[in-house]
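Here is the structure we will look at, set down as structure tokens.
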Amino acid sequence: MNTDLKIPPRSKSELTPPHSLVDKLSGLVGQPFKLTRKTRTDGSNARKLVAGVLEKDSLPLPAMAGDYMIVPPKGKGVPRILREYMDTYLVTSGNSYNLQVWNRNPVSDSVQIEYSSGETVSARDVRFVFLRADSSNNRIDSVVILTPDYIEKKFGKFGKPTLKHQMIIPSRIRQEIVSQNLPILFYSDTPRVAKFVSNIFSPPKRQFYSVPEHGDPFSLQIIKSKVVEPLLGLVIPADSTKTRGQSLEKIIVKLLGYDLNEDDLLAGSYPDILNQLLEVKLQDAATVDLGQLSPEFEEVILSSPQITTRDIRYLIALADPETQQVQAVILCPGEHLGHHFTYVVNTSYKCQRSIPMSFFDQYAGRVVFNP
């Protein structure tokens, strides 16, 4: 495959639109394709076939070196054909096709490419190109182009692996937050949480580790007013990451009006301050350890009312690695983290979604986009 296809487009807006992709790939229907029955070999050959067609036509203009950054470490998980932000898959036989997407949740807003202009391309912007190969005549029978959102709405959510999740805060974005007059990245509560919180401060009625009842959690506006100003400029003494994080949690618990002695042990729950639906992180490097639960994957945390990982509020204190002084604060629901930062994991993983083969059967002899 031409290495030029591994360079992203100059802008997301320059990606070839769906109707033009359908026209470009229409010539693949009926093309010879001999199956070797070796998964990697056949997959690679399918990708080369698509790449060859794209290269014969006009491609989006390439981004210039220095004008963009591939955010995931080592480019792990980004689409293989970056110029068209596209992944290819070969569909053969069976009752269903098991789509496997490695090292990213394809329906998340996790930033994959960041341009110097501030524009970003996220995981959910990818276009999946499925080549249906007919083993009886060794030819391409159809081409189906689908987006992650279409797949999830039509066939259900992608499966979630159990892993230790992490998030990258790029240095440029960190500096933007730190350099603001009030160094805070803030969003208000999600609609589900907004109906559940109190907008007036009064001393908490329950313990910080208690399951919240209606009116227990303070709105994020109140948490902002009670916590952010005392945290800015605060020094969290150097120690192990776990110990420093617990020190920050205790400070916030007290600022929110809970009774807590210095020797009290923290609950170690998710979120850290359960009664406030608040997860607390102290960070002095680019990588934030999120643990086994992440807003990248929506998962129900409370059933009544239904609160998910996207609703949980995150307070991330950004500390100077040299002085240990808190320079800025991120305070927002989990659903907004992916808009600014990039989710990663510390090992390879795959998100899977089964698609019935009958779906592909109905488009024999055609090229379609999100039909």
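Can you name the residue in the range 179-220 that is over 23 Å from the mean Cα position of the chain (by Cα) and not in a loop (DSSP other than H, G, I, E, B) and is also surrounded by the most Cβ atoms within 10 Å (Cβ to Cβ) among such residues?
Among those residues, the one meeting the criterion is PHE218.
Search the range 136-156 for residues being more than 15 Å from ALA123 (Cα to Cα) and assigned to a strand (DSSP E or B), and hand back the single one that is farthest from the chain's Cα centre (by Cα).
In this case the residue turns out to be ARG139.
Looking only at the range 198-226, count how many residues are closer than 15 Å to LEU315 by Cβ and in contact with a Pro (Cβ under 9 Å, 6 or more places away or on another chain).
Residues that pass the stated criteria total 3.
With the structure loaded, tell me whether LYS157 is at pLDDT below 95 and out of contact with any His (no Cβ under 8 Å at 6 or more places or on another chain) or whether it fails that test.
yes
If you check ARG132 against the conditions, is it under 30 Å from VAL367 (Cα atoms), crowded, with 20+ Cβ neighbours inside 10 Å and among the basic types (Lys, Arg)?
Here the answer is yes, as ARG132 does meet what is asked.
State the number of residues belonging to the range 326-371 that are farther than 26 Å from GLN180 by Cβ and not in a strand (DSSP E or B).
16
Please tell me if PRO203 is at pLDDT 95 or above and over 29 Å from SER179 (Cβ atoms).
Criteria not met by PRO203.
Restricted to the range 87-137, and to residues that are touching a residue at least 60 places away in the same chain (Cβ under 8 Å), touching a helix residue (DSSP H, G or I) at 6+ places or on another chain (Cβ under 6 Å) and among the basic types (Lys, Arg), which residue is farthest from ALA46 (Cα to Cα)?
ARG104
Please determine whether any residue of the range 157-170 is surrounded by 12 or more Cβ atoms within 10 Å (Cβ to Cβ), assigned by TED's automatic domain parsing to the domain that holds GLN292, under 25 Å from the mean Cα position of the chain (by Cα) and more than 29 Å from SER269 (Cβ to Cβ).
Within the range 157-170, one or more residues are surrounded by 12 or more Cβ atoms within 10 Å (Cβ to Cβ), assigned by TED's automatic domain parsing to the domain that holds GLN292, under 25 Å from the mean Cα position of the chain (by Cα) and more than 29 Å from SER269 (Cβ to Cβ).
Being surrounded by fewer than 17 Cβ atoms within 10 Å (Cβ to Cβ), outside the structural domain of LYS76 (by TED's automatic domain parsing) and either among the polar types (S, T, N, Q) or free of Cβ contacts under 8 Å to residues at least 60 places away in the same chain (or both) narrows it down to one residue among SER303, SER358; which is it?
SER303
Which of the residues spanning the range 282-297 are in contact (Cβ under 8 Å) with a residue 60 or more places away in the chain, part of a loop (DSSP other than H, G, I, E, B) and not polar (S, T, N, Q)?
Residues satisfying the conditions are ALA286, LEU293, GLU296, PHE297.
Quick one: count up the residues across the range 45-88 that are small (Gly, Ala, Ser) and crowded, with 19+ Cβ neighbours inside 10 Å.
Number of matching residues: 4.
Could you list, in sequence order, the residues of the range 324-355 that are aromatic (Phe, Trp, Tyr) and buried (at least 22 other Cβ atoms within 10 Å of the Cβ)?
Within the range 324-355, PHE341, TYR343 meet the criteria.
Counting just the residues of the range 309-338 that are out of contact with any strand residue (DSSP E or B) (no Cβ under 8 Å at 6 or more places or on another chain) and of a type outside the set (Asp, Glu), which one comes out modelled with the lowest pLDDT?
PRO321
Among LEU274, LEU290, which is buried (at least 20 other Cβ atoms within 10 Å of the Cβ), within 29 Å of GLU152 (Cβ to Cβ) and out of contact with any Asp or Glu (no Cβ under 6 Å at 6 or more places or on another chain)?
On inspection, the qualifying residue turns out to be LEU290.
The values are calculated or read from the model by the stated rules, or taken from the named source; none is laboratory data. As the structure is a computational prediction, the values presented were derived from the model and not from experiment. For neighbour counting, all protein chains shown are included, and Cβ atoms are generated from backbone atoms with ideal geometry for every residue, glycine included.
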